[in-house]
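Some notes on the structure that comes next.
The values are calculated or read from the model by the stated rules, or taken from the named source; none is laboratory data. Note that the structure is a prediction, hence the values are computed from the model and not measured. All Cβ positions, glycine included, derive from the backbone under ideal geometry; neighbour counts span all protein chains shown. Calculation scope for accessible area: heavy atoms of the full protein, side chains included, ligands and nucleic acids excluded. Shrake-Rupley method; radii C 1.70, N 1.55, O 1.52, S 1.80 Å.
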Amino acid sequence: MEKLETIVEEIRAEFEAKSAVRDTALQRSRTLIRYCANTIRATHRGDFDEAQNLMATARESARELVDDLEPYPDLYYAGYTRDALKEYVEAQVVYAFIRKGDLPTPSELGVESSAFLKGLAEAASEMRRYALDLMRQNKLERAEEILGVMDDVYSQLMTVDFPDAITDGLRRTTDMLRGVVQRTRGDLTTAFRQEMMRQALQDFEERIGMEA
């Protein structure tokens, strides 16, 4: 029985260490998600210096999260960890899309492929917000460029045809992106037509004014 007590004591110590790592990972995940959300907001505002500072903090937070969980694969693959890393990818990609910068790779971000692809899909969906802002400013050519980026992402994700067990549910996220792309295309088409009508009316008024 003395051996049994030793075995149980060792297991309890192992669980205590793992529980402490899990608690820390939960806190780091919440912190990372907050940094990423603030990065996206700053990017939409055009406050790119603030966005870069927040991304640097998020990058360090993501690195610490991944490093802490390396000995515990089951915690790494837990939902809260994957969600946080997906948000990290989204923030980085949104910044790259809006700033017309280089797209970061999964290895550069230190994330797995499935987390990268889901973050990429959600970043493309987030571009609808930016496209609508551009439409309100009558920057229709730039909005059309953004729609092209969204469409390119969707087209590429459609080629990743693997079971959800491998892609971590990417198909559902891609289907949602399709709806976002379609709605944005409809809004942009309406905006172009309104601009054409406005321009035609302006030309007509100018001709009338010249004839008068």
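The table that follows gives values for the structure above.
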read-out: First in segment 138-167 and free of Cβ contacts under 8 Å to residues at least 24 places away in the same chain, second anywhere and open to solvent by 60 Å² or more (accessible area, probe 1.4 Å) and in a helix (DSSP H, G or I), Cβ under 8 Å, 6 or more apart; value: 164/171; 164/172
read-out: Test: residue 176 is of a type in the set (A, V, I, L, M), open to solvent by 50 Å² or more (accessible area, probe 1.4 Å) and closer than 19 Å to residue 126 by Cα; value: yes
read-out: From 135, 158, 150, 127, residue being over 20 Å from residue 99 (Cα atoms) and in contact with a helix residue (DSSP H, G or I) (Cβ under 9 Å, 6 or more places away or on another chain); value: 158
read-out: Odd one out for residue 111 among (1) part of a helix (DSSP H, G or I); (2) crowded, with 17+ Cβ neighbours inside 10 Å; value: (1)
read-out: Those residues of segment 143-163 which are open to solvent by less than 90 Å² (accessible area, probe 1.4 Å) and hydrophobic (A, V, I, L, M, F, W, C), in sequence order; value: 143, 146, 147, 149, 150, 153, 157, 160
read-out: Set 67, 102: member being over 16 Å from the mean Cα position of the chain (by Cα), of a type outside the set (Phe, Trp, Tyr) and surrounded by fewer than 16 Cβ atoms within 10 Å (Cβ to Cβ); value: 67
read-out: Residue match in segment 12-29 (condition: under 19 Å from the mean Cα position of the chain (by Cα), at pLDDT below 95, open to solvent by 40 Å² or more (accessible area, probe 1.4 Å) and not β-branched (Val, Ile, Thr)); value: yes
